[in-house]
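*Asks:* Below is the structure I would like to discuss, written out as structure tokens.
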Amino acid sequence: MTPETRYAVTDDGVHIAYQVVGEGAVDIVFSHAFVSHVELFWELPTFERLVLELSSRARVILFDKRGIGLSDRLSSIPTLEARLDDLRAVLDAVGSHRALLVGDSDGGALAALFAATFPERTLGLLLWSGAVRMAWAPDYPWGMQESRFEERLRRRTELWGNLGRGRESTRMTFLMIGDRLAADPGFVRWLVKLQRYGAAPGDLVTFSRTWFSTDARSALPAIQVPAAVIVREGWPAEVIEESAWTVDQIPGAQLVRLPGDEDDPYLGDVSIVARAIERFVDSIREERAVFDRVLATVLFTDIVGSSELASASGDRSWKQVVEQHHTKTRALIARFRGHEVDTVGDGFFATFDGPGRAVRCASAIVRSVESLGIRIRAGVHTGEVETIDGKAGGIAVIIGARIGALAGASEVLASQTVKDLTAGSGLSFQDAGEHELKGVPGLWRVYRVAD
């Protein structure tokens, strides 16, 4: 059985291939790891069995992220933020108001960020293992060292799509049961075909390096929907430990242990996986609370030296300049899909559902207002934003305002979180050092957005 493949179109005109299976009352959307192909997946019997079991009670939604499979191939690197639009476009196309997100590897990072940013569209979050970061760090010992990553990427690139070396490629792809899968000629042929049809070797390199640079850990504490991380009891202890750490970061999340040692949810005894997903759905179907906290990016701007400029220009002239500044700033906030929260004097406070858009908006405002003979400063931060008396508030807003106050004329400063979440976006950042932010504990590393 191969369902009809259709296309959703994102706001930036990218065509995203998707399929829908079943007609149940609950929507379940799968966000796969790197390479996928919505039609070739059906050639794997265990994948078909998993989807069909779930589709007896739910509507299962499958899609290829931009740049992969049957979706549009791109010359630019798709960022995590851009892929939020992929998922949202697919949900819009199928009329899904709220879905259970099931994510694996970089697909899990995408699902986690979507759940934090759009809780009103997320029924719940299921992560297959808890990795939302690939690279090692002093505070993330389960990650991969860069030297090992580069060597592994080099070998995978050499093997990619090569049927003659398919068994070796299988072992490289599936670290936990690769030897067992490599002994199955049918599976090896399927995997090599998936590699060839799903992505080119250059895509493997590009996507892998982007994933290695991505850190979605900051999204975890802001997730306010029911969440769980699934692990296999036969996995190495450090993998289970990493998953347990992720569970601890998500409020109210649970660790679900399943028998077996298979790397992916569509391998092995998939009936066990299907039942676990169904149990999770059953546990949250009645939990439809509306959460007041979401992950958002805040932008603060204000005119540098406004008092002196007003005094030198005179009231009437200055009023005209400020009105033009407001017109330009509002137009650019709207262009980059931001939401104006407040305007105080010559400053703006806006929120965005993606850090890349906020940074680009700030840079565009800097350039746009220079023709008025003025310069602005801007600060950008991504964090958990609360709705207080109908307006955005909370610690993330305070941090964004403090970072904005540190900026100089025509300068955009961003937090470490913004830098981490925009890996691969083409944005450039320069280290601006660690700073104390008034009213915020600890030291905060800040980055200057480069032109």
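The values are calculated or read from the model by the stated rules, or taken from the named source; none is laboratory data. Keep in mind that this is a model prediction, so the values were computed, not measured. Cβ atoms come from the backbone with ideal geometry, glycine included; neighbour counts cover every protein chain shown. The area values use the complete protein model at the heavy-atom level, side chains included, leaving out ligands, DNA and RNA. Shrake-Rupley method; radii C 1.70, N 1.55, O 1.52, S 1.80 Å.
*Asks:* Which residue pairs have Cβ atoms closer than 6 Å, lie 6 or more positions apart in sequence or on different chains, and pair a first residue in the range 80-103 that is open to solvent by 10 Å² or more (accessible area, probe 1.4 Å) with a second residue that is among the β-branched types (Val, Ile, Thr) and not in a strand (DSSP E or B)?
*Replies:* Here the result reads Leu80/Thr214; Asp85/Thr10; Ala89/Thr10, each pair linking the range 80-103 to a residue that is among the β-branched types (Val, Ile, Thr) and not in a strand (DSSP E or B).
*Asks:* Can we say Arg152 is open to solvent by 20 Å² or more (accessible area, probe 1.4 Å), in contact with a strand residue (DSSP E or B) (Cβ under 8 Å, 6 or more places away or on another chain) and under 22 Å from Ile277 (Cα atoms)?
*Replies:* no
*Asks:* Now, a different point. Among the residues of the range 222-234, which ones are out of contact with any helix residue (DSSP H, G or I) (no Cβ under 6 Å at 6 or more places or on another chain) and either in a helix (DSSP H, G or I) or surrounded by fewer than 20 Cβ atoms within 10 Å (Cβ to Cβ) (or both)?
*Replies:* If the condition is that a residue be out of contact with any helix residue (DSSP H, G or I) (no Cβ under 6 Å at 6 or more places or on another chain) and either in a helix (DSSP H, G or I) or surrounded by fewer than 20 Cβ atoms within 10 Å (Cβ to Cβ) (or both), then Glu233, Gly234 are the ones that fit.
*Asks:* Moving to a separate point now. Ala392 is checked against (1) in contact with a helix residue (DSSP H, G or I) (Cβ under 8 Å, 6 or more places away or on another chain); (2) surrounded by 17 or more Cβ atoms within 10 Å (Cβ to Cβ); (3) in a strand (DSSP E or B) and fails just one. What number does that condition carry?
*Replies:* Only one criterion in (1) in contact with a helix residue (DSSP H, G or I) (Cβ under 8 Å, 6 or more places away or on another chain); (2) surrounded by 17 or more Cβ atoms within 10 Å (Cβ to Cβ); (3) in a strand (DSSP E or B) is unmet by Ala392, namely (1).
*Asks:* Residue by residue through the range 420-451, note down the ones that are assigned to a helix (DSSP H, G or I) and either within 19 Å of Gly338 (Cβ to Cβ) or open to solvent by less than 30 Å² (accessible area, probe 1.4 Å) (or both).
*Replies:* Of everything in the range 420-451, just one residue is assigned to a helix (DSSP H, G or I) and either within 19 Å of Gly338 (Cβ to Cβ) or open to solvent by less than 30 Å² (accessible area, probe 1.4 Å) (or both), namely Leu421.
*Asks:* When you look at Arg59, is it surrounded by 22 or more Cβ atoms within 10 Å (Cβ to Cβ), touching a strand residue (DSSP E or B) at 6+ places or on another chain (Cβ under 7 Å) and outside any helix (DSSP H, G or I), yes or no?
*Replies:* So Arg59 fails the test.
*Asks:* Identify all residues within the range 131-141 that are under 22 Å from Leu204 (Cα atoms) and either in a loop (DSSP other than H, G, I, E, B) or out of contact with any Ser or Thr (no Cβ under 8 Å at 6 or more places or on another chain) (or both); write none if there are none.
*Replies:* Selection gives Ala131, Val132, Met134, Trp136.
For every residue, the table says whether it meets (1) open to solvent by less than 20 Å² (accessible area, probe 1.4 Å); (2) more than 19 Å from Leu125 (Cβ to Cβ); (3) in contact (Cβ under 8 Å) with a residue 40 or more places away in the chain; (4) in a loop (DSSP other than H, G, I, E, B).
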residue: Thr2; (1), (2), (3), (4): no, yes, yes, yes
residue: Gly13; (1), (2), (3), (4): no, yes, no, yes
residue: Val20; (1), (2), (3), (4): no, yes, yes, no
residue: Glu23; (1), (2), (3), (4): no, yes, no, yes
residue: Phe34; (1), (2), (3), (4): no, yes, yes, yes
residue: Leu50; (1), (2), (3), (4): yes, no, yes, no
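*Asks:* I would also like to ask the following. Looking at the range 369-384, can you tell me whether even one residue there is more than 30 Å from Trp211 (Cα to Cα), open to solvent by 40 Å² or more (accessible area, probe 1.4 Å) and part of a helix (DSSP H, G or I)?
*Replies:* yes
*Asks:* So, one more: With the condition kept exactly as written, say whether any residue in the range 134-147 is crowded, with 19+ Cβ neighbours inside 10 Å, at pLDDT below 95 and more than 26 Å from Glu233 (Cα to Cα).
*Replies:* No, there is no match, as no residue in the range 134-147 is crowded, with 19+ Cβ neighbours inside 10 Å, at pLDDT below 95 and more than 26 Å from Glu233 (Cα to Cα).
*Asks:* While we're looking at this one, here's another question. How many residues does the range 155-197 hold that are more than 27 Å from Val239 (Cα to Cα) and of a type outside the set (Ser, Thr, Tyr)?
*Replies:* Of the residues in that region, 10 qualify.
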